[in-house]
Structure formats: structure tokens, C-alpha cells
1. Sorting Trp184, Trp30, Trp418 by accessible area (1.4 Å probe), largest first, what list results?
2. Based only on Cα atoms, what mean projected area does the convex hull of the stretch 84-158 have, in nm²?
3. How much accessible area per residue does the stretch 111-159 have, counting only protein heavy atoms and a probe of 1.4 Å, in square angstrom?
4. With each pseudo-label sitting 7 Å past Cα toward Cβ, what's the Cys220-Val325 distance in nm, one decimal?
5. May I ask you to derive the FRET efficiency for Ala124 and Val244 from their Cβ-Cβ distance with R0 = 41 Å, giving the value to the nearest 0.05?
6. Ignoring ligands, DNA and RNA, how do Asp292, Asp298, Asp75 rank by accessible area with a 1.4 Å probe, largest first?
7. As a check on your grasp of the helix formula, calculate [θ] at 222 nm for the chain: sum -39500 (n - 2.57) over DSSP H runs of n ≥ 4, divide by the residue count, round to the nearest 500.
8. Which of Tyr74, Tyr44, Leu58 sits farthest toward the positive end of the charge dipole of the stretch 44-164, with +1 on the Cβ of Lys and Arg and -1 on the Cβ of Asp and Glu?
Amino acid sequence: MKLPSPRHDLKRRIAPAATTSHMALRRLCWLPVIIAVCCILALYLHTARIQSGVNSKLSMSDQSAYMDFAISAYDSQLHYTGGRNRMPLFSWLMALFYLPELSDEAFFAVGKLVNVWLSVLILALLGAAFLRRFSKLYGAYATLCIAFLAFVLKSPFFQAEILFYGLFAAAYICAIDNLRNPGWRRSLAVGLLLGLAHFTKASALPALLIYLASLALCWCGTLLRAERKSNQAGSLPAQALLTVLAFGGLLLPYLHESYQHYGSHFYNVNTTFYVWYDSWSEAKAGTRAAGDRIGYPDLPPDKIPSLQKYLREHSPQQIVDRVLVGSQRLISYGCTREKSFHRYGYCSQVALGLLVFVFAVPLLIRQTAARKPLEHAQIVCFTLAIFAAYALGAAWYMPITGNEGPRVLLVLIVPFYWTLGLATHAEPVQALKLRLWGYRCKLTSLLFGLMSLTLVYEIYQVVAFRAATMYGGK
């Protein structure tokens, strides 16, 4: 029998020790990351606390209405569904934290705190998604932009926006993944997520229609390549039907109740009536005065606002002017007005991101046109349609909201950074490299490294000045 050599025996004794040392070193490497995350979280909570002090009046920006909704939902054991101005999901969530002995001010404070921690949870999930899909540098940059330039100033409010932003972002990400590689589970997820988003704010139906149109475009492209993807060509209509059934099935009781009391499944005073007025004063004197939140407004048919009525009574120039004025007001409130209460700080980073888009898009067009010109057409159409529909919708609704800030527009902040990540992490863009001081680095890494330096300045502005002076509820 051959005995092991002393050298072999020494290696066997050293190997476990080396493995243990390597694992300990790896754990130690995570320590700076954990410390950094804890510091960022502490800074986020500190900034939210400052903004919470600014938001001291529960009567401002629909907050008291959401509180009354939550109390009614609590009293009815979540059977109360509202007057079709605000959707139920957020108020139902807040009803879980309500106690009868709480005063209005105490419940207001509880709701703000719950919303702050809800924003932390949503940001953690979004951060994990960004870091998993994209480079660590870009994932951290995008998550910090979303956190400190939008969410932190929206979170300490008794409003549904943070929940809506998170659900809409998840639906957008899932929709793009499914358009890229259709599957049954993702089709179901898109329908459920859009349904939950619509149950939070009645603004997700356009996204569903845009998604279905993009999926139809994907189906047409698949038919042209049927000899390679015959199974997928047959399953896409069924997957689209699954999305619709998931969306409708989730909302079915609410839609049925809306039809019974108001005569329309998707009845909502904002999207059914107010959007076709020229000002909030007209809406108050019109369908709202006629009881549109109790039932269908008691007005003659020629007094009921609608798209057809609006087109009859307004010239094309008036329609264009409304969009232009609304767009200018959004930009002024959010970006250019020096003492605006709505300057979140995202404008400079979005502008830099758009410059990166301008740099990346020609490379992507060149590659797509040379290889497979229709391969990603459905994703491009979906993205462009989503941004166009929701940006124009925000501009169109500005005359109704009066002095409201970019509250409606901020739903696009996560989709913007996700789309920017997809564009800059495509193969032709990632292939561009520079040689600096003898080292080769990716051009995108250099760009986002420089943008991260400007982000530090914007975060400093938010923490040191904006959180204490601006009002993030509008």
C-alpha cells in the first residue's frame, strides 16, 4: 500500500485553512458595502424627516381626502371603494394602520411614516433589479437618482404616488422583458401589476393598451419569421388574452360596482370628465357640482364633457397651445424657476441622461439596421409610446391641477433610468473603450462616473436646502 507523501499531507491540512481564510476575506469585502448602504439609508430617512416637517398641513394636496377614504375603508372592513375620484388600494393599505383612538393629526403622522418605509421597500426592490440587470456603477447611480431626486421628497406624504410609481415601474420592466422574450408567467405578471397600478391610480389603462399594441407588433414580426418560431407565433395572442384577463379579473368587483352605480366600468371623474375641462373652476361648476362622485352627473347630455365635445368646441391651435403651456409650466416648476417649490433636482441628471441617449442611439440603430431591423421594434414602439402618452398627458392635465408640480410626470422617472440602462448596456455601446493612463476602460463607465460626481452635488442640494424649503406634495 502506498502511503501519502508528507508534502501531500501538508497540502490537505493547508487547503481547509486557505478556504476558510478566503471566505472570511470575501465577507470582509462586503463590510464597506453594508456600511455604505446603512449610511445612505440614514441620510434618506433624515431627508424624509426634514420634508415631513414641511408637510405639516393634512388639508393640502388631497391628503385629508385620502385619510377620510382610509377611515371609511376601516369602518367598512375594506368594502368602501370611494367616489371614483381616488382609487382604493393606497387607502386600503393605510386603513391597516388606523386605530379609532387616533386623532387626525396622529393618523396623519402614522401615514407619513408608513409611506416613507414603503418608499424604502420599493427602492430596495428597484435597486436589486438595477444591480442585477446592469453594471454595479450604473445600478447604484440610477437607484440614488430615483431615491434622492424624486422619492425622498414624495415619501412623507399621505398620498398614493409612491405606491403607484413602484407598481407602474414593475409593470414597465416586466412588460419590456416580456416583449423581448414572451412567456406565460411574465404575461400574467404584466396584467396583475398593471391591475394593481390601476387600482392605485386610474392611470394604468393607457399603458395596458400600449403594451397590447406592442405585443401585436411583436406577433406580426413573429409571423414573418414563422418558420423559426411557429410555437411562439401561435401563443402570443393567448398570452395577450391572459394579460387582459389578469388585469380585468383583479379589478372585476370594482369594475362591476362602477358599472352598477355610474354606468361605466372605467368610470373615474378625473379621466371621464375633468380632463376635458379647461380649468379646475370649470370642473367644480360642472360635473362636480352635479354630483359626479355620488352617481352619474345630473346634467343635460350637451353639458357632459367628452372628447367629442372638446374637439367640437376647440380649434387645433387651442389644443396645441394647451399642450405647450402645460409643458412649459412643468419645465418651469420642476427645472428652471429659481424659487420654485417643485425643484426636485432630477432635471440636470435627466438632461445628462438624454445626452447619453443621443450618443448611444445612433450606435444601436446602426447595429439593428445591419442585423435584424425588426427584432426590437416592439420594444422601441412601447417605450416611445409610454413616454409620449404619459408626458403629454401630464402637460394636458396641468390646467386642471393649477399650480401643481410634476406629481403626474414623476411616474416616468424609473422607466427613464431603466430605458437608459438598456440603451447604454447594449453590446455596441459597451464595446466602446478608452485608454487612460495605460488602462482601458469602458466609455459608459467613464460617463456614469462623471455623472455620479454631479449627482453628489444634487443630493447635497436636496439634503441641505431643498428638503427644508420645497413642498414635494404637488
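The values are calculated or read from the model by the stated rules, or taken from the named source; none is laboratory data. This one's a predicted model, so the numbers in the text were calculated from it and none came from an experiment. Methodologically, a virtual Cβ is constructed for each residue, glycine included, from the backbone with ideal geometry; neighbour enumeration extends over all protein chains shown. Areas reflect the complete protein model, heavy atoms only, side chains present, ligands, DNA and RNA absent. Shrake-Rupley method; radii C 1.70, N 1.55, O 1.52, S 1.80 Å.
1. Values: Trp184 130, Trp30 155, Trp418 5 Å².
Sorted descending by solvent-accessible area, the residues read Trp30, Trp184, Trp418.
2. Values: hull surface 24.7 nm².
The directionally averaged projection comes out at 6.2 nm².
3. Ligands and nucleic acids excluded, the result is 33 Å² per residue.
4. So the two model labels end up 3.7 nm from each other.
5. 0.85
6. Result, largest first: Asp298, Asp75, Asp292.
7. Details: 18 runs with 317 residues, N = 474.
Calculated from helices alone, the mean residue ellipticity at 222 nm is -22500 deg cm²/dmol.
8. In the stretch 44-164, that residue is Tyr44.
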